[in-house]
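Undergrad: This structure is in structure tokens; I'll ask about it shortly.
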Amino acid sequence: MSDTIRVGSGRGHRIVDGELELVMKAEPVSKAETIEREIAERIAAAGLRLRFDKVALRLVNGLKASVAQIVPEDRSIIFTVTAPIRHPAKTSAALQDLLSDLPAGELRRIIHGNKVRARQVTTDSNGMPKVIGFVHNPESDAGLILDLAERSLSER
């Protein structure tokens, strides 16, 4: 039996035989959304578990909206956060401050009990997403998530 739960703009998850599965029903409307979808598909193909619950989506979408405005044209920020997010407002505020002043290289922090990793990468500015975020289960390899996302951006 399969239950589909719609979340946000056509994204959601489906529970199939007790396993969560990403569902993307709406067609992407921009190059950035297409790239983000391809990255999520690569991560899923690698067997890494991402979270798409309401708290995770609000956190990622809020950070994308607030931080994207200050990221230079030839850069993108990729970040990961471990679930569960117990203090979403506090975590979001702390992440916004952290990502707004992200140094070169990779950053690792624990924010309100959540492990956070972030990278600033050089990209072609033409339609590339400025901020890409993933919330994942603690057992998923955040470094591999960042590597797959960075590789996908650099291949464009």
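The values are calculated or read from the model by the stated rules, or taken from the named source; none is laboratory data. Here the structure is a predicted model, which means the values were calculated and not measured. Counting neighbours? That spans all protein chains shown, and the Cβs are built from the backbone with ideal geometry, glycine included.
Undergrad: Can you confirm whether the range 24-45 contains a residue that is surrounded by 13 or more Cβ atoms within 10 Å (Cβ to Cβ), among the basic types (Lys, Arg) and in contact with a Leu (Cβ under 9 Å, 6 or more places away or on another chain)?
TA: yes
Undergrad: Can you tell me which residues in the range 140-156 are modelled with pLDDT under 95 and exposed (fewer than 14 other Cβ atoms within 10 Å of the Cβ)?
TA: If the condition is that a residue be modelled with pLDDT under 95 and exposed (fewer than 14 other Cβ atoms within 10 Å of the Cβ), then ARG151, SER154, GLU155, ARG156 are the ones that fit.
Undergrad: Going through the range 119-129 one residue at a time, which ones are out of contact with any helix residue (DSSP H, G or I) (no Cβ under 6 Å at 6 or more places or on another chain) and either over 16 Å from VAL71 (Cα atoms) or of a type in the set (A, V, I, L, M) (or both)?
TA: Kept after step one, since they are out of contact with any helix residue (DSSP H, G or I) (no Cβ under 6 Å at 6 or more places or on another chain), are these residues of the range 119-129: 120, 122, 124-126, 128.
Across the range 119-129, the qualifying residue is only MET128.
Undergrad: Of the residues LEU59, LEU107, which single one is free of Cβ contacts under 8 Å to residues at least 40 places away in the same chain, in contact with a Leu (Cβ under 9 Å, 6 or more places away or on another chain) and either surrounded by 19 or more Cβ atoms within 10 Å (Cβ to Cβ) or outside any loop (DSSP other than H, G, I, E, B) (or both)?
TA: After applying the criteria, what remains is LEU107.
Undergrad: Could you say whether any residue in the range 80-91 is closer than 21 Å to ASP147 by Cα and touching a residue at least 60 places away in the same chain (Cβ under 8 Å)? Spell out how you get there, then give the answer.
TA: Going through the range 80-91, the residues closer than 21 Å to ASP147 by Cα turn out to be 80-83.
If we keep only those that are touching a residue at least 60 places away in the same chain (Cβ under 8 Å) as well, we get 80, 82.
Yes, there is a match, as at least one residue in the range 80-91 is closer than 21 Å to ASP147 by Cα and touching a residue at least 60 places away in the same chain (Cβ under 8 Å).
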